[in-house]
Amino acid sequence: MSATDCPLPDEGEFWLFGYGSLIWKPPPHFDRRIPGWVTGYVRRFWQASQDHRGTPEAPGRVVTLISRSYWEQLTDHHDSAPDKVWGVAYRIIPERVAEVKEYLDIREINGYTIHYTPFHPAPDVDASLLPGTSEGHIKTLVYIGTPDNEQFVGPQDPQELAEHIYRSEGPSGLNRDYLWGLEKALDLLSSESGDEHVTDLSNRVRAVAVREEGKIQADIEILRAQSPVNVSPGLESLHHHHHHHGFHKVSSVDEQEETEKAS
Ligand code: BEZ
């Protein structure tokens with residue numbers, strides 16, 4: 001991209017585009033949060049997560065952006081994608097830009113690399129919040145897990161992907177909560193910010209959750225029938241055990257860590 005395609009924002013301004021967890025978990029030191037979109041990309045759950053929503057032994061799945069022209073050459077079960085990838089742009093407060101940039105540049109986040117892309121603010125955004133020289137768009141930094149990174153997974157069968165997300169968990173919490181968090185955060189951005197890939201996976205994972213809850217209830221019924229007197233006190237722990245994969249409840253400090261790695 002040439003400089004004229006993407007003019008520099010006001011001097012000293014530094015904006016970051018979030019299309020995943022950054023939408024609902026802001027980076028440190030921002031003073032503006034603007035809904036809007038970028039084009040030329042497709043958002044997909046094609047990036048393995050070993051550090052947040054999975055582990056090195058059992059990586060979860062999080063979103064990355066695929067260049068649209070590359071995606072068009074692939075066979076994807078989700079064979080359509082909106083032209084606009086909705087998300088949010090954050091302006092880092094001018095006094096903290098040098099610090100945040102240094103922090104971002106030195107940080108390697110699980111396969112993602114730094115790119116720059118023009119961001120288009122939603123039409124209803126108050127113009128006084130936007131940089132004066134942006135000519136309708138803002139140069140934003142974006143993290144992309146490109147197809148050449150080790151954590152890139154590529155096209156997956158949607159049902160297998162949903163099952164995978166359902167059973168994955170990492171230090172930042174359940175993989176399904178990331179998916180549903182993204183679905184909700186996109187919903188809140190605009191009436192047109194829905195993403196079929198995200199809503200279809202969310203619906204599939206909800207169906208998996210109902211199925212798995214049903215299995216637990218059936219197990220409980222069997223145990224009850226076998227031992228009607230003694231089983232009841234243990235039912236809670238059976239239920240708990242099923243959901244517990246060895247992680248502690250996410251504290252606000254852990255959440256901040258995901259934000260900081262993402263930012
Ligand atoms: C995000 O846009 O939310 C994001 C993308 C890649 C890594 C971390 C966060």
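The values are calculated or read from the model by the stated rules, or taken from the named source; none is laboratory data. Here the structure is a predicted model, which means the values were calculated and not measured. Don't worry about glycine lacking a Cβ; one is built from the backbone with ideal geometry, like all the others, and counts go over all protein chains shown. Please note that ligands, DNA and RNA were not included when accessible areas were found on the heavy atoms of the full protein model with its side chains. Shrake-Rupley method; radii C 1.70, N 1.55, O 1.52, S 1.80 Å.
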For this session: Evaluate the range 237-246: report whether one residue or more is open to solvent by less than 40 Å² (accessible area, probe 1.4 Å), at pLDDT below 90 and away from the ligand (no atom under 16 Å from the Cβ).
Result: no
Problem set entry | Candidates Leu201, Leu188, filtered to the one that is modelled with pLDDT of 90 or more and loosely packed, with under 13 Cβ neighbours inside 10 Å | Leu188
Problem set entry | Output for the range 134-170, where each listed residue is open to solvent by 60 Å² or more (accessible area, probe 1.4 Å) and more than 23 Å from Lys84 (Cβ to Cβ) | Asp148, Glu150, Gln159, Glu160, Arg167
Problem set entry | Enumeration of residues in the range 91-136 that are under 30 Å from Ala48 (Cβ atoms) and part of a loop (DSSP other than H, G, I, E, B) | Arg107, Glu108, Asn110, Gly111
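Residues are listed down the side, and each one gets a yes or a no for (1) within 15 Å of the ligand (Cβ to nearest atom); (2) in contact (Cβ under 8 Å) with a residue 60 or more places away in the chain; (3) of a type outside the set (D, E, K, R):
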residue	(1), (2), (3)
Ile109	yes, yes, yes
Ile114	yes, no, yes
His120	no, yes, yes
Pro123	no, no, yes
Asp126	no, no, no
Leu129	no, yes, yes
Gly136	no, no, yes
Val153	yes, yes, yes
Problem set entry | Within the range 49-73, tally of residues that are touching a residue at least 12 places away in the same chain (Cβ under 8 Å), open to solvent by 50 Å² or more (accessible area, probe 1.4 Å) and either part of a loop (DSSP other than H, G, I, E, B) or of a type in the set (Val, Ile, Thr) (or both) | 2
Problem set entry | Within the range 25-39, considering residues that are closer than 17 Å to Lys184 by Cα and modelled with pLDDT under 95, the one farthest from the ligand (Cβ to nearest atom) | Pro26
Exercise. Based on what the data block shows, is Arg176 among the basic types (Lys, Arg), out of contact with any Leu (no Cβ under 6 Å at 6 or more places or on another chain) and surrounded by fewer than 19 Cβ atoms within 10 Å (Cβ to Cβ)?
Worked result: no
